[in-house]
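Worksheet: one structure, shown below.
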Amino acid sequence: MNEGKLRELVDLLDQRVVRVQSPRPELKVVPFMPPPEPGMDSVTREAMTQRIRDLQRMYQLGWLVRQETFHVPGIELLEDGELSALLQDMERARECIVEGVSFDDAGLVRSRA
């Protein structure tokens with residue numbers, strides 16, 4: 001087939017083809033949401049919970065645990081930050097016992113009223 005005939009055939013086909021324009025997609029602006037901060041993993045939570053229970057038992061610090069978990073049924077339901085803060089308070093209470101510092105002087109006795 002020569003080039004002239006081929007061009008003629010392409011033009012003929014081009015006239016017969018119905019071109020359908022698809023509608024443009026509707027775009028929306030999505031606000032940026034920062035990814036959530038990763039929480040404490042289960043192994044770390046379990047280790048912290050066990051350490052709190054050990055300190056509670058060994059140093060009779062049940063009052064401190066009850067004080068800090070007044071708003072929840074147990075230490076397992078504390079938020080990550082609350083659990084970490086309780087462990088820090090428990091370690092501080094242990095140091096107070098060893099060093100002979102009163103819990104009141106260390107600021108560990110707080111009102112929950």
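The values are calculated or read from the model by the stated rules, or taken from the named source; none is laboratory data. Given the structure is predicted, the values throughout are model-derived calculations rather than measurements. Cβ sites come from the backbone with ideal geometry, for glycine too, and all protein chains shown count toward neighbours. Each accessible area value is taken on the protein alone, full model and side chains, heavy atoms only, with ligands, DNA and RNA left out. Shrake-Rupley method; radii C 1.70, N 1.55, O 1.52, S 1.80 Å.
Taking the C-alpha atoms only, the angle from helix 42-59 to the longest principal axis of the chain is near 10 degrees.
Per-atom-type breakdown for the chain gives carbon and sulfur 55% of the accessible area (1.4 Å probe, protein chains only). Computed with a 1.4 Å probe on the full set of protein chains, the accessible area for residue 10 sits at about 70 Å². Net charge of the neighbourhood of residue 64, taken over other residues with C-beta under 15 Å away and scored Lys/Arg +1, Asp/Glu -1, is 0.
Applying D = kT/(6 pi eta Rh) to the chain, where Rh is the Kirkwood radius over alpha-carbon pairs, T corresponds to 10 °C and eta to 1.306 mPa s, the Stokes-Einstein value obtained is 80 µm²/s.
Which of the three applies to the range 43-95, rounded, prolate or oblate, going by the alpha-carbon gyration tensor with a ≥ b ≥ c and a/c under 1.5 meaning rounded? Since a/c reaches 1.5 but b/c is at least a/b, the shape of the range 43-95 is classed as oblate.
Here the chain is treated with +1 on each Lys and Arg Cβ and -1 on each Asp and Glu Cβ, and its dipole about the Cα centre works out to around 520 debye. In a DSSP loop and with at most 15 other Cβ atoms within 10 Å, the GluC sites (Glu not before Pro) in the range 36-113 are 79. In the context of the full protein assembly, residue 14 retains an accessible surface of approximately 80 Å², using a probe radius of 1.4 Å and ignoring ligands and nucleic acids.
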